[in-house]
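A short worksheet on the structure shown next.
Every number here is computed from the coordinates shown, using simple stated rules; none is lab data. What you see is a predicted model, and the numbers here were worked out from it, not measured in a lab. Here Cβ is always computed from backbone atoms with ideal geometry, including for glycine, and neighbour counts include all displayed protein chains.
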């Protein structure tokens, strides 16, 4: 049988210019000024006896390079990799949002891409209207939508609010409705980016169940990007690990996840997003840096279980940013289980500028384990708006120096593993009761 | 179901495939075009009172001002004995259609950047759908025209039946430059500042507050390079009973300029379409 997707030598370059790197978009004014600026630079170089033809100030970045694979109908493939490894670019090329710069993909079937929940939802329109709008955007025909309308509404549990504009929806209802439309897509190939991470746990489970049902029963092909390794191993049969835009591993899902972890050794405890080809964020806010800092103010990824530390993020709020963003960190362990999610409460009146949010996490709280930190910033009014959400952006290793802690309260001479995602030391009291 | 039918054909995605498959895609995404047009219209008229009021008041007030300034104060002559207010309104109709179409189409890509970066569909749909909203506003303004005709007891002739033709010409005249501007604003955001400026100039260099007959004969050809001259001549001919002779010269010039701009705008749009998701 012919593969349903086959990619040969796929490549995608982005041109990044050093002059405009900090800007999220370009202006014509800059473009006009660039030529004179360059001439001036050259003239200066010439005067100083340097090379007249200085190097260009822009460079091409390969977001994908020489990627080849083929996928058979019915396969559920997880695509994993660090940030900037090219996962989203690959999905965007497959769903035709952006054109490849080299190579080709042959797709024999209808592709629906789900890169965001509720793409195109309009706050002024009612739930009913948004179902039709979103369905059409995702590639359903009116007849399809009408046929599944009741099912979608039941799935989303919003019957009572069908004729209410979605701007009055709670964020939970908004996400549920958006998911419900997506869950009822019936393409041959479903391309899903990291969207299942929003919404409450129960609804997530429902969506996963629906996806599993769809891919199992009807032999749908699914390409799935996630940082939640638990999801990859439970949902996918095959895993493709991307590194620096190239395929580092292609095989069983569990094996790919294992490779991901072993290769992530020395994974970052500090990330500088201003160095990436594309800004992380949107029109409201862009993420600049995130890092972990120990009690002495040193940037490090290894923290003694007994001492506190800080996770910090630095971001720029743009002039259109709504008033109160909610910066947050989510910590996951290697099994993809969320240890906790914590949301900051910055001042309510924040103007345009660069901000740093710090979350102080006490010692004797996390267990000795490796944690992956999501760095996110969201706005909670008129539905959830996520400006950025970098999954597994930072890696945090909590170590327990046994020779020192063995005889302290946390171990009391016990040297084996201590269970639990966290290992807090709560206040205990032991009194004589009788 | 459409989803099943298209299953057989294999799609090859490679550099340049967007442009190659454009016509096929436009056809298969035709439904999205209607849905996006419906969205734009229903959002605009959602607050019914304000939506309709806006569409009514804007051309009406402009007409009053122009009639007073050009008809009364400057004393320009009307055409074919028609009331000056009708002369002005017959020009404001296509002008507003042109202006809102151009502005909406030009800003449409940036306004829909969330869609462009998350889903594929032929991007041409977005500016095209934006024009539909302007056509709806235009239809509302036709209601005012009707009211004016009743007020002045002015009975139009058979020429009115040709109005849709000139309406299409006005929309197409806006679509070409609209495509060009949309493509430019996607890449350079400051390009959108050009649109209101150009439209402001256009309002005065187009024969809206006055009849094109005011322009001296030897300048007429150059003057009619502005496609709105031909469109407005046509509108006045249709609405004011065409007592004045039909101006073929301005119509043909307008058609030629419109076609050339459509071609330029379309080519620019098609050549840059593949990069919209990357630059927007």
> In the protein assembly as shown, what % of DSSP beta bridges are antiparallel (nearest 5)?
Replying inline: 75
> Once both axes come from the Cα atoms, what is the angle between helix B:194-205 and the longest principal axis of chain B, in degrees from 0 to 90, rounded to 10?
Replying inline: 20
>> Please state the shape class of region B:1-149: rounded when a/c is under 1.5, otherwise prolate if a/b exceeds b/c and oblate if not, all from the C-alpha gyration tensor.
In response: prolate
> Across the residues of B:190-201, average count of Cβ atoms on other protein chains within 10 Å?
Replying inline: 1
> Per Stokes-Einstein, at 10 °C and 1.306 mPa s, what whole-number D in µm² s⁻¹ belongs to region A:270-402, with the Kirkwood radius over Cα pairs as the hydrodynamic radius?
Replying inline: 104
> Roughly what angle does helix B:227-239 make with the longest principal axis of chain B, taking Cα atoms, 0 to 90 degrees, to the nearest 10?
Replying inline: 60
>> Give me the Å³ per residue figure for the convex hull around the C-alpha atoms of chain B.
In response: 152
> How many nm is it between the label spots at residue B:201 and residue B:19, if each spot is 7 Å from the Cα in line with the beta carbon?
Replying inline: 2.9
> Listed highest first by mean packing, meaning other Cβ atoms within 10 Å per residue, what order do B:58-68, B:209-219 come in?
Replying inline: B:58-68, B:209-219
>> With just the Cα atoms defining each centre, how far is region B:142-196 from region A:340-362? Give it in Å.
In response: 49
> Roughly how crowded by other chains is peptide B:118-130, in terms of the mean Cβ count from those chains within 10 Å of each of its Cβ atoms?
Replying inline: 3
> Relative contact order of region A:270-402: what whole-number percent is it, with Cα pairs under 8 angstrom and at least 6 residues apart?
Replying inline: 28
>> What whole-number volume per residue, in cubic angstrom, does the convex hull of the C-alpha atoms of region A:64-264 give?
In response: 119
> Roughly what angle does helix B:125-151 make with the longest principal axis of chain B, taking Cα atoms, 0 to 90 degrees, to the nearest 10?
Replying inline: 20
> Counting only other chains, what is the mean number of Cβ atoms within 10 angstrom of the Cβ of each residue in peptide A:93-106?
Replying inline: 6
>> I'd like to compare B:173-183, B:158-168, A:281-291: which one has the highest average count of other Cβ atoms within 10 Å, and what's the full order after that?
In response: B:173-183, A:281-291, B:158-168
>> Only bridges whose two residues both fall in region A:64-264 count here: according to DSSP, what percent of them are antiparallel, nearest 5?
In response: 30
> By its C-alpha gyration tensor, with a ≥ b ≥ c as the square roots of the eigenvalues, how is chain A shaped: rounded for a/c under 1.5, else prolate for a/b larger than b/c, else oblate?
Replying inline: rounded
